[in-house]
Amino acid sequence: EFRAVMEEEGSTFLEESSLAGKTVLAFGEAESEPQGFMYVKGDTVFIVGGSPPELVEEAIAELP
């Protein structure tokens with residue numbers, strides 16, 4: 001459902017990728033670097049954003 005809502009916005013790009021060994025959905029404004037990552041585990045949705053990218057990857061690695 002989160003993905004569907006984000007896709008309706010139109011100005012946001014969504015791209016499935018792998019980060020820290022987990023499948024995540026990268027999102028951000030069109031034509032820019034990802035501003036955040038969505039990771040789903042069971043019925044929990046984690047949204048992680050920040051800078052630099054190394055810290056984001058470290059945070060995602062610590063998620064269940």
Worksheet item: Roughly how many Å² of Phe27 are accessible to a 1.4 Å probe, to the nearest 10?
Response: 40
Item to complete: Using a 1.4 angstrom probe on heavy atoms only, work out the carbon and sulfur share of the accessible area of the chain in %.
Response: 50
Worksheet item: What whole-number value in Å² describes the accessible area per residue of the chain for a 1.4 Å probe?
Response: 70
Practice prompt. Could you pull the Rg and Dmax for the chain, using just the Cα atoms, both in Å?
Written response: 11.4, 31
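The values are calculated or read from the model by the stated rules, or taken from the named source; none is laboratory data. Owing to the predicted nature of the structure, the values given are computational and were not obtained by experimental measurement. Remember, those area values only see protein heavy atoms, side chains included, never the ligands or the DNA or RNA. Shrake-Rupley method; radii C 1.70, N 1.55, O 1.52, S 1.80 Å.
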